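K.L.:
One structure follows; several queries about it will come next.
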Amino acid sequence: MKNLVILGSTGSIGTQTLEIVDAQEGLNVTALAAGTNVELMEKQIRKYKPIAAVMFDEKAAKDLKERVKDTDVNVLSGMDGLLEIVRLDEADIVVTALVGMIGIRPTIEAIKAKKTIALANKETLVCAGHIIMPLAQKMGVSILPVDSEHSAIFQSLNGENRKQISKILLTASGGPFRNKTYDELKTMTVEDALKHPNWSMGKKVTIDSASLVNKGLEVIEAKWLFGVSEDDIQVLIQPQSILHSAVEFIDGAVMGQLGVPDMKLPIQYALFYPERRPMQDNRIDFFKLASIEFFKPDTETFKGLKFAYNATKTGGSMPTVFNAANEMAVKAFIGKRISFTDIYDMIEYAMNEIKVVENPSVEQILEAESMTYDLLSKKFG
C-alpha cells in the first residue's frame, strides 16, 4: 500500500490522480490540499477519508472545518498546513500539483522528510531547480515527473547511461494557434486560446500551450531534471501529440515514448514506478493514425519559447522573472484586459528591467516574483 499526499487535489492533475486511486489497488489517500474549492474538497474528504486536509485560503479552511466536523479529518490552513501534511509519518508519496510558487516550500520540506516526489508543479524546478535537485540527491529522494513530456523522457532513459545523451527531443503540439502569424495572434481571444486540439487541461496551462510559454517552462524543467544544458534540448512541434518526447544518444539512436494524449498514463507511471499497471481504453490505433508530423517551432512568432531559453541561459532569478511575468500576463489576458501578444510584451519588459540575483535562496526567489508583479502593475496596470 502506497500512501499519498496530494497537493492540489481539486485541480486537473489532482482529480485525475484520485481517478487512478479509484481504478487501481494499492493506493491510499493520507492527506489532501487545495486552494479555495471547499465544495469539492468536502466531497473528496467524505470519499477518501484522509487523516488531514489543507485549504490554503484561511477563510476556506474555516468553511471546510464546519462542513466536515462530523468526520475525523484534521483541517489545516495556509503554508503551515502544507508543510505539516508533507511531513506526515504515514505518507510515502507527495504529489505536488499545486499551481504557482506555493509549491516550492512544501516540495523542499517533503524532500527533507524523505518522501518520494511525484512532480507536477512547474515552478518548483523552473525557479528553484538549483536548490531542489542537489537536495533530492543529498537526501536520496526520487523525483518522478508527472508532466507527460518529462515522463516520456524519464521512460526513454530507463536503463540508459545519462552521460551518453546527445540531445533531448521535447515535443509540443503547437496548440490551437500553430499556423497563425504574429498579426493573427493579436486578434485571438481567450475563447480561441482555450480550444486546445488534443489535451484537456486547466485554463492557465492551456493558454501557456497556445503561447508556447508552457514548452519554454518545460525546457527549464528538463534542464534540471535530466542534468543537461538548454542547448541540448530541442523542441519539436508534433501536432498529433502521440510522441510525448524522446532522447537522442551519442550513437544516433533515438528512444521515445508514444501514447494517446492522456495525463493519467504519466500520473500512474509515477505513482507505481517502476511497476506498470494495466489501463483500459488507452491505446493508439496506428492504422488510423497513419502518420506523425514534425515541424520546427516559430520562435519569432511564438516568442515565449525564445524568452524561456534566454531566461535559463541567464540563470539565477531570471527564470522566476520569466515565470512570474507570464503568470501575471495570463491572468490579465483571461480577464480580457490585454491582448494575446501583450503576454510576450509583459514578459520581455520584466526580463529587461529586473536585475538578476545569482544562485537565489527561496526568499530571494519569492522576492523576485514580488518585484516582477510590482513592476508590471505599475507599467501595465
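K.L.:
Can you list residues whose amide H is under 5 Å from Ser166's amide H, if they're 5+ apart or on another chain and H is modeled 1.01 Å from N?
P.N.:
Glu248, Phe249, Ile250
K.L.:
Moving to a separate point now. If all Cα-Cα distances of segment 42-88 are sorted into 5 Å bins from 0 onward, what percent lands in each bin, rounded to whole numbers?
P.N.:
5, 24, 35, 24, 12, 0
K.L.:
Can you pull the accessible area of Met188 for me, 1.4 Å probe, Å² to the nearest 10?
P.N.:
30
K.L.:
Per the helix-only calculation at 222 nm, which mean residue ellipticity applies to the chain, given -39500 (n - 2.57) for every DSSP H run of n ≥ 4 and division by its residues, nearest 500 deg cm²/dmol?
P.N.:
-14500 deg cm²/dmol
K.L.:
Using mean Cβ contacts within 10 Å as the protection proxy, how do 43-56, 282-295 order, highest first?
P.N.:
Answer by packing, highest mean first, reads 43-56, 282-295.
K.L.:
Take the Cα pairs of the chain, get the Kirkwood Rh, then feed it into Stokes-Einstein at 4 °C and 1.567 mPa s and tell me D in µm²/s.
P.N.:
Using the Kirkwood radius from Cα pairs, D works out to 61 µm²/s.
K.L.:
Counting only residues 5 or more places away or on other chains, whose amide H sits under 5 Å from the amide H of Val29 once H atoms are built in the peptide plane?
P.N.:
Amide H to amide H, under 5 Å and 5 or more residues apart or across chains, Val29 pairs with Leu4.
K.L.:
Let me ask something else. How do the peptides 307-318, 362-373 rank, highest first, by the average count of neighbouring beta carbon atoms within 10 Å per residue?
P.N.:
Final packing ranking: 307-318, 362-373.
K.L.:
Rounded to whole Å and ordered largest first, report the semi-axes of the equivalent ellipsoid of segment 134-203 derived from its Cα gyration tensor (root of 5λ).
P.N.:
The three semi-axes for segment 134-203 are 35, 16, 11 Å.
K.L.:
Taking amide H atoms as placed 1.01 Å from N in the peptide plane, list the residues 5 or more away in sequence, or in a different chain, whose amide H sits under 5 Å from that of Thr116.
P.N.:
It is Val94, by chain and number.
K.L.:
Which residue, Val321, Val330, Val260, tops the fluctuation ranking in a GNM of the chain built on C-alpha contacts under 10 Å?
P.N.:
The residue that fluctuates most here is Val260.
K.L.:
If you line up the Cα atoms of segment 204-310 on their principal axes, what length do they span on each, largest first, in Å?
P.N.:
Sorted largest first, the three principal extents are 41, 36, 31 Å.
K.L.:
Work out how much length Val254 to Met79 would gain on full extension: take 0.36 nm times their residue separation and subtract the Cα-Cα distance, in nm to one decimal.
P.N.:
Stretched fully, the Val254-Met79 segment lengthens by 58.7 nm.
K.L.:
Round to the nearest 0.05 the FRET efficiency obtained for Lys47 and Ser229 when R0 = 51 Å and r is the Cβ-Cβ distance.
P.N.:
The formula returns an efficiency of 0.65 here.
K.L.:
Let me ask you something else. First measure r as the distance between the Cβ atoms of Lys355 and Phe287, then evaluate 1/(1 + (r/R0)^6) with R0 = 51 Å and state the FRET efficiency to the nearest 0.05.
P.N.:
The value I calculate is 0.35.
K.L.:
For segment 33-48, what does the Karplus curve 6.51 cos²θ - 1.76 cosθ + 1.60, with θ = phi - 60°, yield as ³J(HN,Hα) per residue in whole Hz, taken in order and with x for Gly and Pro?
P.N.:
9, 8, x, 9, 7, 5, 4, 5, 4, 4, 4, 5, 4, 5, 7, 9
K.L.:
Shifting gears a bit: Using a Förster radius of 41 Å, what is the FRET efficiency between Glu160 and Ser339 based on their Cβ-Cβ separation? Nearest 0.05, please.
P.N.:
Given R0 = 41 Å and the Cβ-Cβ separation, E is 0.40.
K.L.:
Show me the ranking of peptides 150-158, 62-70 by mean Cβ neighbours inside 10 Å, starting with the highest.
P.N.:
150-158, 62-70
The values are calculated or read from the model by the stated rules, or taken from the named source; none is laboratory data. As the structure is a computational prediction, the values presented were derived from the model and not from experiment. Here Cβ is always computed from backbone atoms with ideal geometry, including for glycine, and neighbour counts include all displayed protein chains. All accessible areas refer to the heavy atoms of the entire protein, side chains included, with ligands and DNA or RNA removed. Shrake-Rupley method; radii C 1.70, N 1.55, O 1.52, S 1.80 Å.
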